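The values are calculated or read from the model by the stated rules, or taken from the named source; none is laboratory data. Here the structure is a predicted model, which means the values were calculated and not measured. Note that we place each Cβ from the backbone using ideal geometry, even for glycine, and neighbour counts take in every protein chain shown.
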Amino acid sequence: MSVAKLAGRYAKSLIDLAQEQGKLETILGDIQAFKAANENRDMYMMLKSPIINTAKKRSIIEAIFGESFDKMTMAFTNIVLTKGREQYLPEICEEFINQYRGIKNITSATVTSATPLKEETLEKIKDKIRSEMTQGGGTVEIETKVDASLLGGFVIEVGDSLYDASVATRLKKLRKELTGSVN
C-alpha cells in the first residue's frame with residue numbers, strides 16, 4: 001500500500017472519530033503541534049528509525065505530548081505505534097490537515113511577488129480565488145513569499161493551478177517570440 005493511501009486511511013479514521021466525538025478542533029490543534037514537532041530533525045529521525053524500538057518511541061511521545069494532548073490523540077498515536085506505522089505519522093498528520101481543510105472548505109494559496117504586496121492587494125487576490133476556486137465561497141489562506149528574480153508582478157499557486165503574472169515570465173515569452181520569428 002502506498003504511503004499516501006495509508007496516511008489517508010489513518011487520517012480519515014481519526015477525523016471521523018474526532019467529528020463524532022465533537023473534538024475536531026482540539027484534535028486539529030494536537031495534530032498541528034505534532035506536525036510542528038516533526039520539523040525537528042531528531043524527532044523526525046526517531047519516528048523513522050527502525051533501530052529504536054516501539055516501546056522507546058511510545059515513551060518518548062508520551063513524555064513530550066502526554067500532558068498536553070487530548071486522550072483521543074494519544075490513543076490514536078498508540079494504535080499507530082502498535083501497528084508499527086509510526087514512521088508514517090508525519091504523513092498522517094499532513095493528510096489529516098488536508099482532510100480538515102476539505103471539510104471546512106479552506107483553500108490554501110501561495111503568492112510570490114517581487115516585492116511585498118499591500119494588504120488590499122492580498123484581499124483582492126483572496127476574493128478572486130474565493131469566487132473562482134472555492135465551492136460556496138469558502139475560506140482562503142494565503143502564504144506570501146518574496147522573490148526578487150520575478151522583477152515585478154506575482155505568481156499565484158492554488159493546489160495544482162498556477163497563475164503567473166510575473167515580469168520575468170513575460171520577458172521570457174517575448175524573448176521566445178522574437179527569437180522564434182527571426183529564425
Pairs returned, first residue in segment 50-61 that is in the same structural domain as Glu86 (by TED's automatic domain parsing), second residue that is exposed (fewer than 12 other Cβ atoms within 10 Å of the Cβ), beta-carbon separation under 7 angstrom, 6 or more apart or interchain, are Thr54/Gly84
Out of Val111, Val146, sole residue that is of a type in the set (A, V, I, L, M, F, W, C) and either in contact with a Lys or Arg (Cβ under 9 Å, 6 or more places away or on another chain) or surrounded by 14 or more Cβ atoms within 10 Å (Cβ to Cβ) (or both):
Val111
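One residue is enough: does segment 36-47 have a residue meeting the conditions among the aromatic types (Phe, Trp, Tyr) and buried (at least 17 other Cβ atoms within 10 Å of the Cβ)?
No, segment 36-47 has no match at all.
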Residue that is within 20 Å of Ala37 (Cβ to Cβ), surrounded by fewer than 18 Cβ atoms within 10 Å (Cβ to Cβ) and either of a type in the set (A, V, I, L, M, F, W, C) or modelled with pLDDT under 95 (or both), where the choices are Gly137, Gly66
Gly66
Filter segment 14-28 down to the residues that are of a type in the set (Gly, Ala, Ser) and either closer than 17 Å to Pro90 by Cβ or in contact (Cβ under 8 Å) with a residue 24 or more places away in the chain (or both) and list them by number.
Ala18
Which count do you get for residues in segment 146-168 that are closer than 13 Å to Leu117 by Cα, out of contact with any helix residue (DSSP H, G or I) (no Cβ under 9 Å at 6 or more places or on another chain) and assigned to a strand (DSSP E or B)?
1
Residue that is in contact with a Lys or Arg (Cβ under 8 Å, 6 or more places away or on another chain) and either surrounded by fewer than 12 Cβ atoms within 10 Å (Cβ to Cβ) or within 28 Å of Lys104 (Cβ to Cβ) (or both), where the choices are Pro90, Pro50:
Pro90
